[in-house]
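For reference, the structure discussed in these notes is given below.
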Number of protein chains: 2
Amino acid sequence: MRMAELSRESGVPVATVKYYLREGLLHPGERTSPNQARYDEGHVRRLRLVRALLDVGGLSVSAVKDVVAAIDSPDTPMHTVLGVTQHGLPSARTAMADEQAQAWARARVDALLKERAWPCTDGSPLTESLVGLLATLRALGHTEFASVLDHYADAAQQIAETDVRHVAALPDPEATVETAVIGTVIGDALLATLRRMAHADVSARLFGGGKEINRPESG
Amino acid sequence: MRMAELSRESGVPVATVKYYLREGLLHPGERTSPNQARYDEGHVRRLRLVRALLDVGGLSVSAVKDVVAAIDSPDTPMHTVLGVTQHGLPSARTAMADEQAQAWARARVDALLKERAWPCTDGSPLTESLVGLLATLRALGHTEFASVLDHYADAAQQIAETDVRHVAALPDPEATVETAVIGTVIGDALLATLRRMAHADVSARLFGGGKEINRPESG
């Protein structure tokens, strides 16, 4: 297909397609004349991936380049491609914690990772996010959350099994990476929303019907 | 205690404490002279709650007022207080979906809520978030995510049981609401981070060791 049709098919404006070509996010079409090239379904799939990475995933153009390069180098295992993709995703921001809170948090994260044999190392963005979040909880005076961390990790592991088996069944690396990004980012929001709905359900059961527990001195 | 001590104890600057007093987020102290008032531990707890709602929860000042008013009216059940709090939390933003995608999403959300008997109604912010997220997935061509929604809801329900039982054991409404907000907001980020760590673990098992599945025509 020509550029105009590629644009129509993918829903990406011609100027944007040209920008992706210049930036190397999209591989060149097959030249048919000095001013024209032919594109195929591979280009449509790649455009869909690039849009998902940029718009849904919030990756920077340079992070998208890394993902595309990993997909295009034939000896890169899919695990590495997914790792490069995940690395490009923005992670949770944290602040507010002093050195003591950081040390407390790091000890807990180290213990969790060791117990589960999760392949995350000190200094990796995910490990640092988790340390930062726990340190924030400690700085806020909520050390008791450390006790629910294992429940969260159990639930996360269950969901991750579902997620990765789902993307592993897809037919090509573009689809795998695209679905992984969309599933990660929209999945975070889905899970957060469902958790709040479930909170409302459990709260109605525990506190509903006018039952007012633990309000001895309020008002 | 005097204002200066309240500020020290709570870590909130005097000017900010005065602002909260003017806005009605903090109840007045006991007047001891025309220019002085005495504050107690209840003020320290309330300040901690207000900071958590504003800084961690991202609630607006007017949403914080609603939460505080609900806590302070003695006949408001805790379930309602938590509902008011949750209502004030920012929800997931979504876009991109046309009417057809919205209708498809709403049918799936209705079925989910009916099956689980979750107390969420059409038009509630959480229901609309969920509809928006599913509609976004459909607009992106990922209708297959509808099939994993039940797994996510199961995991969300498990976590919510842990969460709500945890806050139900707390000694006063300030602590309950504060912990619920921190647990909801930091909990979202914790869960998202743990899920990505678990993704890396499952991906290493499924795709690791150089096994390159589903890459027949890549490169």
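Can you tell me which of A:T193, A:T176 is among the β-branched types (V, I, T), farther than 21 Å from B:Q158 by Cα and surrounded by 22 or more Cβ atoms within 10 Å (Cβ to Cβ)?
Criteria check complete, one pass: A:T176.
Here is a yes/no grid of residues against (1) free of Cβ contacts under 8 Å to residues at least 40 places away in the same chain; (2) of a type in the set (F, W, Y); (3) assigned by TED's automatic domain parsing to the domain that holds B:D172:
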| site | (1), (2), (3) |
| --- | --- |
| B:G57 | no, no, no |
| B:A70 | yes, no, no |
| B:V84 | yes, no, no |
| B:A103 | yes, no, yes |
| B:R116 | no, no, yes |
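Which condition breaks for A:G58 when tested against (1) of a type outside the set (K, R); (2) assigned to a loop (DSSP other than H, G, I, E, B); (3) more than 17 Å from the chain's Cα centre (by Cα)?
Single failed check for A:G58: (3).
Name the single residue that is farthest from A:A180 (Cα to Cα) among those in region B:152-202 being basic (K, R) and within 7 Å of chain A (Cβ to nearest Cβ).
Per the criteria, the residue is B:R195.
Out of all the residues in region A:95-124, which are within 27 Å of A:V177 (Cβ to Cβ) and modelled with pLDDT under 85?
A:P119, A:C120, A:T121, A:D122, A:G123, A:S124
For region B:64-82, give me each residue that is within 7 Å of chain A (Cβ to nearest Cβ), surrounded by 19 or more Cβ atoms within 10 Å (Cβ to Cβ) and either modelled with pLDDT of 85 or more or closer than 30 Å to B:T136 by Cα (or both).
Within region B:64-82, B:I71, B:L82 qualify.
From the list B:R138, B:R108, pick out the single residue that is within 22 Å of A:Q158 (Cβ to Cβ) and not assigned by TED's automatic domain parsing to the domain that holds B:L59.
None of the others qualify; the one that does is B:R108.
What number of residues within region A:126-151 satisfy the criterion of being more than 20 Å from B:G57 (Cβ to Cβ), surrounded by 17 or more Cβ atoms within 10 Å (Cβ to Cβ) and more than 9 Å from every other protein chain (Cβ to nearest Cβ)?
Of the residues in region A:126-151, 3 are more than 20 Å from B:G57 (Cβ to Cβ), surrounded by 17 or more Cβ atoms within 10 Å (Cβ to Cβ) and more than 9 Å from every other protein chain (Cβ to nearest Cβ).
Between a first residue in region A:173-187 that is farther than 13 Å from B:E144 by Cα and a second residue that is acidic (D, E), which pairs have beta carbons less than 8 Å apart while being 6 or more apart in sequence or on different chains?
Within 8 Å, the pairs are A:T184/A:D163.
Can you pull out every residue in region A:1-36 that is touching a strand residue (DSSP E or B) at 6+ places or on another chain (Cβ under 8 Å), more than 21 Å from A:A69 (Cβ to Cβ) and surrounded by 15 or more Cβ atoms within 10 Å (Cβ to Cβ)?
Residues satisfying the conditions are A:M1, A:M3.
Scan region A:136-145 for residues that are on the phi < 0 side of the Ramachandran plot and out of contact with any Phe, Trp or Tyr (no Cβ under 7 Å at 6 or more places or on another chain) and jot them down.
A:T136, A:A139, A:L140, A:H142, A:T143, A:E144, A:F145
Restricting to region A:3-36, name every residue that is in contact with a Gly (Cβ under 9 Å, 6 or more places away or on another chain) and free of Cβ contacts under 8 Å to residues at least 40 places away in the same chain.
Within region A:3-36, A:M3, A:L21, A:Q36 meet the criteria.
Within 9 Å of chain A (Cβ to nearest Cβ), crowded, with 19+ Cβ neighbours inside 10 Å and touching a Pro at 6+ places or on another chain (Cβ under 9 Å), is that true of B:L113?
Criteria met by B:L113.
Within region A:120-131, can one find any residue that is among the hydroxyl-bearing types (S, T, Y), outside the structural domain of A:G57 (by TED's automatic domain parsing) and out of contact with any helix residue (DSSP H, G or I) (no Cβ under 8 Å at 6 or more places or on another chain)?
Looking for residues that are among the hydroxyl-bearing types (S, T, Y), outside the structural domain of A:G57 (by TED's automatic domain parsing) and out of contact with any helix residue (DSSP H, G or I) (no Cβ under 8 Å at 6 or more places or on another chain), one finds at least one in region A:120-131, hence yes.
In region B:123-151, what residues are of a type in the set (D, E) and more than 16 Å from B:E99 (Cα to Cα)?
B:E144, B:D150
Please count how many residues of region B:1-42 are under 25 Å from A:A139 (Cβ atoms), among the β-branched types (V, I, T) and either in contact with an Asp or Glu (Cβ under 6 Å, 6 or more places away or on another chain) or not in a loop (DSSP other than H, G, I, E, B) (or both).
3
Helices (runs of 4 or more DSSP H) wholly in region B:122-214 with at least 2 residues that are among the charged types (D, E, K, R) and within 22 Å of B:T80 (Cα to Cα) - which ones?
B:149-168, B:173-207
The values are calculated or read from the model by the stated rules, or taken from the named source; none is laboratory data. Just so it is clear, the structure is predicted and the values come from calculations on it, not from any experiment. Cβ: placed from backbone, ideal geometry, glycine included. Neighbour counts: every protein chain shown.
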